[in-house]
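Visitor: Got a structure for you, questions after.
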């Protein structure tokens, strides 16, 4: 049997390789810049090969976050904050959306569809629109510079609720009736039947929501005023500053590359489930 790559169009593969190279080249340049000293990068003399300061720059960024011209927070601390935020937002959104979609689809109660459409309408109200009243509530509750204040306002998700609702509607009535005959209550049906069936959808949403939480910028910028609560995205922005003065680009590039590792790791580890959750049509 001829391998798939031999049967395919070489032109298509060439275009894909060129596209990968086009997107990967800036990342490689950032890696090369992170291995040189500040003077070499500032003068534009770094070339295309890694320099001699790879270990030193990455150790410095990881442990102190400071360079010759910047005084930042350690990358390990900022990445811990970002990781807590991303995991809390992704797992919280999935948990709440699963339960809300389960209630809307499998229970009959007054104003059921009204509440669903109210959830759906919030799709038109992103964080940027409701950020001022949300910040006022968080401030009044004393949650500034806390993980609850950083994560709770971003936990609710109308998109995930809609996706789970559409999936639950495809569950055959016979499966529900069989669970009732076996004596399964609502929560037993939820844990033993619906959750296993939803595993690929949960995995796909987890990848998307984790990256969404990791890359948050505006909300952490408002609710974190202490350096100890900064996320890695906020830390990189503050390292760059206004651009009016010479900044420590090797440390900034090392920080940016370290900040890419967790999202890339999540995508690589969950790639199979992610693709299956997006493409699978037969449930």
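Visitor: Can you spot a residue in the stretch 78-85 that is assigned by TED's automatic domain parsing to the domain that holds residue 206, in contact with a helix residue (DSSP H, G or I) (Cβ under 8 Å, 6 or more places away or on another chain), surrounded by fewer than 18 Cβ atoms within 10 Å (Cβ to Cβ) and closer than 28 Å to residue 235 by Cβ?
Guide: Yes, the conditions are met somewhere in the stretch 78-85.
Visitor: Tally time: how many residues in the stretch 100-120 are part of a helix (DSSP H, G or I) and free of Cβ contacts under 8 Å to residues at least 24 places away in the same chain? Show your work before the answer.
Guide: Kept after step one, since they are part of a helix (DSSP H, G or I), are these residues of the stretch 100-120: 100-106, 112-120.
Checking which are free of Cβ contacts under 8 Å to residues at least 24 places away in the same chain leaves us with 103, 112-115, 117-118.
Selection size over the stretch 100-120: 7.
Visitor: Right, another one. Among helices (runs of 4 or more DSSP H) lying entirely in the stretch 138-202, which contain 3 or more residues that are closer than 15 Å to residue 92 by Cα?
Guide: On the way: elements: 147-151, 158-168, 173-181, 186-189.
Passing ranges, in order: 147-151, 158-168.
Visitor: Continuing with the same structure: Return the pairs, sorted by first residue and then second, in which the second residue is assigned to a loop (DSSP other than H, G, I, E, B), the first residue lies in the stretch 161-189 and is loosely packed, with under 10 Cβ neighbours inside 10 Å, the beta carbons are less than 8 Å apart, and the residues are 6+ apart or on different chains.
Guide: Close Cβ pairs (under 8 Å, with a partner that is assigned to a loop (DSSP other than H, G, I, E, B)) do not exist here.
Visitor: Tell me whether the stretch 28-51 contains one or more residues that are within 25 Å of residue 79 (Cα to Cα), without any contact (Cβ under 8 Å) to a residue 24 or more places away in the chain, within 28 Å of the chain's Cα centre (by Cα) and surrounded by 17 or more Cβ atoms within 10 Å (Cβ to Cβ).
Guide: Within the stretch 28-51, one or more residues are within 25 Å of residue 79 (Cα to Cα), without any contact (Cβ under 8 Å) to a residue 24 or more places away in the chain, within 28 Å of the chain's Cα centre (by Cα) and surrounded by 17 or more Cβ atoms within 10 Å (Cβ to Cβ).
Visitor: Here is a check on your reading of the model: is residue 269 within 27 Å of residue 74 (Cβ to Cβ), outside the structural domain of residue 50 (by TED's automatic domain parsing), surrounded by fewer than 20 Cβ atoms within 10 Å (Cβ to Cβ) and at pLDDT 90 or above? Walk me through how you get there before you give the answer.
Guide: On the way: within 27 Å of residue 74 (Cβ to Cβ): yes; outside the structural domain of residue 50 (by TED's automatic domain parsing): yes; surrounded by fewer than 20 Cβ atoms within 10 Å (Cβ to Cβ): yes; at pLDDT 90 or above: yes.
Considered against the rule, which asks whether it is within 27 Å of residue 74 (Cβ to Cβ), outside the structural domain of residue 50 (by TED's automatic domain parsing), surrounded by fewer than 20 Cβ atoms within 10 Å (Cβ to Cβ) and at pLDDT 90 or above, residue 269 comes out as yes.
The values are calculated or read from the model by the stated rules, or taken from the named source; none is laboratory data. Small disclaimer: the values here were computed from a predicted structure and weren't measured. A quick note on method: Cβ atoms are made from the backbone with ideal geometry, for glycine too, and the neighbour counts reach across all protein chains shown.
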